[in-house]
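The values are calculated or read from the model by the stated rules, or taken from the named source; none is laboratory data. Please read all numbers here as calculations on a predicted model, not as lab measurements. Cβ placement follows ideal geometry from the backbone for every residue including glycine, while neighbour counts extend to all protein chains displayed. Ligands, DNA and RNA are stripped out before the accessible areas are found, and what is left, the full protein with its side chains, is counted by its heavy atoms. Shrake-Rupley method; radii C 1.70, N 1.55, O 1.52, S 1.80 Å.
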Amino acid sequence: DKKDLFGKSDPIVEIAKAQEGGGFTVVYRSQPVMKTLSPRWAGFDISAQKLCSGDWDRSLKFSVWDWNRSGSHDFIGSCTTTLRDICPERGGQVFSLDLINLEMKKKKKKYTNSGKINFNIVKATSIHSFVDFINGGCQINLVCAIDFTASNGKPHLPSSLHYNDPYRDNEYVQAIKSVASVLAPYDSDQLIPVFGFGGRLPPDGHVSHCFPLNFNYERPEVYGVQGIL
């Protein structure tokens, strides 16, 4: 519909998803396309979770407004559909819908619509999770490296990150337990190479920036998380 002076509009489109308790919540709002009655809005990416709470059959309302700088936009019309209906990859066959303005429909006997909205490209792309990769046979090889640089402080002092407190774990032990205990179960052989860097090595005290903590350069692996500790 024409909303602005000289017969042109600045259309924006809003997408809102239906809520279980009734009503709709806006999940996307486009930028306006200025001075046109045939807008082509820019493409965008949105997750199915945000768009429809992961429910392909949840009602989606597409509302078109004439944008105004004041923020008081003029309603043009809306339509309702579902993600499944507009996505050809899921069997959808809805490519165009009438935009209906009920107030306008009441006033005009021969009212048909306030325009149409066309769904030119709707694609669904799967984003695999960490668990999906594991279930698909992905193998993880855990490698651990520990900082021995002087910034950690002298290990015999309680202020050092390497200090062995008999009553509680130091920060390095806490970090290794937290991270390695999650990843290690996905390492099929449980053999974990463990390296240090920035430490002074015997017998001459030279600084090495990569050395196996078991000092076996051919087999730097230890078994499991407890082997690291």
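Some points to look at:
- Some residue of the stretch 84-96 being acidic (D, E), touching a Cys at 6+ places or on another chain (Cβ under 8 Å), at pLDDT 90 or above and farther than 30 Å from P212 by Cα: no
- Looking across the stretch 41-89, the residues that are in a loop (DSSP other than H, G, I, E, B), touching a strand residue (DSSP E or B) at 6+ places or on another chain (Cβ under 9 Å) and either open to solvent by 40 Å² or more (accessible area, probe 1.4 Å) or over 23 Å from A124 (Cβ atoms) (or both) come down to W41, F44, I46, S53, D55, D57, W67, N68, H73.
- Taking the numbered list (1) crowded, with 17+ Cβ neighbours inside 10 Å; (2) in contact (Cβ under 8 Å) with a residue 24 or more places away in the chain in turn, V33 passes all entries but (2).
Here is a yes/no grid of residues against (1) within 27 Å of the chain's Cα centre (by Cα); (2) open to solvent by less than 30 Å² (accessible area, probe 1.4 Å); (3) over 30 Å from A48 (Cα atoms); (4) modelled with pLDDT under 90:
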position: C138; (1), (2), (3), (4): yes, no, no, yes
position: V143; (1), (2), (3), (4): yes, no, yes, no
position: P166; (1), (2), (3), (4): no, no, yes, yes
position: A175; (1), (2), (3), (4): yes, no, yes, no
position: A180; (1), (2), (3), (4): yes, yes, yes, no
position: L183; (1), (2), (3), (4): yes, no, no, yes
